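The values are calculated or read from the model by the stated rules, or taken from the named source; none is laboratory data. Everything numeric in this text was worked out from a predicted model, so none of it was measured. In this analysis, Cβ positions are derived from the backbone assuming ideal geometry, glycine residues included, and neighbour counts consider all displayed protein chains. Side chains included, ligands, DNA and RNA excluded: accessible areas come from the protein's heavy atoms. Shrake-Rupley method; radii C 1.70, N 1.55, O 1.52, S 1.80 Å.
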Amino acid sequence: MAFTCLLAGLAIFSSCNNTKSTVPVIGFLDAFEDNTIAQAKQGFFDALKKNGYSEDSNTIKVIYRNAEGDIPKLTLSVKYFESEKVTLMATSPSLSTIAAIQNNKDIPIFMMVSPTPKLMNVTDKQDGAPANLFGIAESLGYIDTSFSLIPKLVKPAGTQLKVGMIYNQSEPQSAEALKRIQELATQLHIDLVSLPVNNTADVQLVTKALLEKHIDAFFANPDNTVFGSFETILKSCTDAKVPVFTSEEGLVSRGAVAAYGADIYQWGYQAGEQAAQFLKNKSTQGIHWEIVKLRKRVYNAAAAKQFGIIVPGNFEAVK
């Protein structure tokens, strides 16, 4: 009788374990702490919840890692996800996505706040993306609209408008963005002053060097270093009475004057919808990486007022 009860108990225990093992595991990797990037994570999990997947309902398990700007930590996090046999990896922004691609060839990756595979230099000779890469990316086309806004709103101190920007030469998308902006600046007869930066520790000194060149405006391009050091950039520029423009809505919320760019929350939400489709179908068939769908024209009313800038009526004030 006791042996029979023991078998029954083992069967129940085994059944519970089997139930737990069927719950999908999501490994979410952030490259660094950032209020703007965090909106993508929120959107991603909101989309999953709307589709019936949340930790509250025990329908998914989440393993979260933040590399805090440490590249080796990104690699270690990806390896840990692999050891835990996660169902999928979610990555934000590009540094996380690149690390996941370089260190994992099998587990599906759902990227967000990342440029196209080609801009990340992760395509093959035929420009094909990695077979396990999905999620939502952005091209650089929208930058034209954001940068072109500056000469419409800022009057130059001299005869030619001078715009400054910094870029991380080790980030492929940052270097590509610089090249595109240089060509656009030439077309718009803007004197573009750009300086390289290697990490967030250098940002304050490099920004100060730019301001000493008497720029009329600063353009915060899509760059992980810019994201991570934006408050430092903004304070330096504000103290020097130089307005900041950008292509990212989240940076407008943090003090830039205006932007035309992706809604970061919706970017993550769009990626989350893809991930939910994968979880429902238990297959990536029919899923491909996509370009972000929702972009917005936004402005910061307080920043615009501070610099006496009148923003066009088709721009929406951020909260």
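Any idea what angle helix 2-21 forms with the longest principal axis of the chain, computed on alpha-carbon atoms, 0 to 90 degrees, nearest 10?
In the chain, helix 2-21 runs at an angle near 20 degrees to the longest axis.
Mind pulling the angle between the C-alpha long axis of helix 35-50 and the longest principal axis of the chain? Nearest 10 degrees, somewhere in 0 to 90.
Approximately 40 degrees, to the nearest ten.
Express the carbon and sulfur contribution to the solvent-accessible surface of the chain as a percent, rounded to the nearest whole number, probe 1.4 angstrom.
Whole-percent figure for carbon plus sulfur exposure: 52.
If you look at just the Cα atoms of the stretch 221-305, how large are its Rg and its Dmax in Å?
Computed over the Cα atoms of the stretch 221-305, radius of gyration and Dmax are 16.7, 55 Å.
Ranked from the most accessible area to the least, with a 1.4 Å probe and all protein chains present, what is the order of 186, 123?
Ranking 186, 123 by accessible area, largest first, yields 186, 123.
Give the Cα extents of the stretch 99-239 along the principal axes, in whole Å, largest first.
55, 32, 21
I'd like the distance separating the alpha-carbon centroids of the stretch 194-261 and the stretch 50-88, in whole Å.
First find each Cα centre; the distance between them is then 31 Å.
What number comes out for the charge environment of residue 308, summing +1 per Lys or Arg and -1 per Asp or Glu over other residues with Cβ under 15 Å away?
After counting each charged neighbour, the total is +3.
Report, ordered by chain and residue number, the aspartates and glutamates lying within cross-link reach of residue 79, taken as a straight Cα distance under 17 Å and ignoring same-chain residues fewer than 8 apart.
Answer for residue 79, where 17 Å is the Cα cut-off: 30, 68, 70, 106, listed by chain and number.
Note down the relative contact order for the chain as a percent, whole number, built from C-alpha pairs under 8 angstrom at least six residues apart.
19 percent
At 1.4 Å probe size, with every protein chain present, just tell me what the per residue accessible area of the chain comes to in Å².
48 Å²
When the gyration tensor of the chain is built from Cα positions, what are the square roots of 5 times its three eigenvalues, in whole Å, from largest to smallest?
43, 19, 17
Take the cross-link list 179/213; 41/305; 162/305; 152/305; 118/208; 49/125 and give me the ones stretching past 27 Å between alpha-carbons.
In this structure, 41/305; 118/208; 49/125 lie more than 27 Å apart at Cα.
Go through 70, 127 and list them by solvent-accessible area, largest first, probe radius 1.4 Å.
Highest to lowest solvent-accessible surface, that is 127, 70.
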